[in-house]
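K.L.:
I have a structure I would like to understand better, so I am pasting it below and will then ask my questions one at a time.
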């Protein structure tokens with residue numbers, strides 16, 4: 001039987017939880033923005049290829065996106081030919097919502113992000129096991145090591 005030590009290592013970094021929460025909030029903003037952009041883009045494609053507005057899925061899509069496109073509906077004319085419509089207003093809405101989403105994500109990041117601080121690493125020897133022939137005792141020792149880890153503010 002070999003000698004071995006059971007060692008537990010813990011890492012504590014001040015501000016890590018807040019950085020993770022900020023990261024999750026910004027990812028949620030990007031997710032919601034991506035869904036909104038995709039739905040409006042689908043509306044543009046549906047209008048462009050002349051999808052039947054009486055179709056339940058198309059009607060649902062138009063009803064959902066009307067709320068988001070309505071503020072931009074009267075900005076420009078929508079050229080139409082044979083039931084196909086090119087909605088410039090929907091393209092403008094997509095650009096405006098992308099800018100709003102980007103600004104909101106930056107605002108959340110600036111207000112709530114905390115830069116990486118010192119990392120405290122603690123190693124604790126729980127039990128020192130030795131072969132039965134040499135010794136039958138079990139000793140406990142504790143070793144604490146502090147390390148400072150400075151990395152770029154953008155990394156977790």
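K.L.:
Here is a list of conditions, (1) out of contact with any strand residue (DSSP E or B) (no Cβ under 8 Å at 6 or more places or on another chain); (2) assigned to a helix (DSSP H, G or I), and residue 75 meets all of them except one; can you say which number that is?
P.N.:
(2)
K.L.:
Now a separate question. Considering only segment 107-116, I want to know if a residue exists there that is loosely packed, with under 15 Cβ neighbours inside 10 Å, part of a loop (DSSP other than H, G, I, E, B) and at pLDDT 70 or above. Reasoning before the result, please.
P.N.:
Taking segment 107-116 as the starting set, the residues that turn out to be loosely packed, with under 15 Cβ neighbours inside 10 Å are 107, 110-112, 114-115.
Then drop every residue that is not part of a loop (DSSP other than H, G, I, E, B), which leaves 114-115.
Subset that is at pLDDT 70 or above: 114-115.
Among the residues of segment 107-116, at least one is loosely packed, with under 15 Cβ neighbours inside 10 Å, part of a loop (DSSP other than H, G, I, E, B) and at pLDDT 70 or above, which makes the answer yes.
K.L.:
So, one more: Condition check: closer than 30 Å to residue 6 by Cβ and either exposed (fewer than 12 other Cβ atoms within 10 Å of the Cβ) or touching a helix residue (DSSP H, G or I) at 6+ places or on another chain (Cβ under 9 Å) (or both). Does residue 20 satisfy that? I'd like the intermediate steps shown before the answer.
P.N.:
Values: closer than 30 Å to residue 6 by Cβ: yes; either exposed (fewer than 12 other Cβ atoms within 10 Å of the Cβ) or touching a helix residue (DSSP H, G or I) at 6+ places or on another chain (Cβ under 9 Å) (or both): yes.
So residue 20 passes the test.
K.L.:
Which condition does residue 120 not pass, out of (1) in a helix (DSSP H, G or I); (2) surrounded by 16 or more Cβ atoms within 10 Å (Cβ to Cβ), if it passes all the others?
P.N.:
All conditions are met except number (1).
The values are calculated or read from the model by the stated rules, or taken from the named source; none is laboratory data. What you see is a predicted model, and the numbers here were worked out from it, not measured in a lab. Every residue, glycine among them, receives a Cβ derived from its backbone with ideal geometry; neighbour counts consider all protein chains shown.
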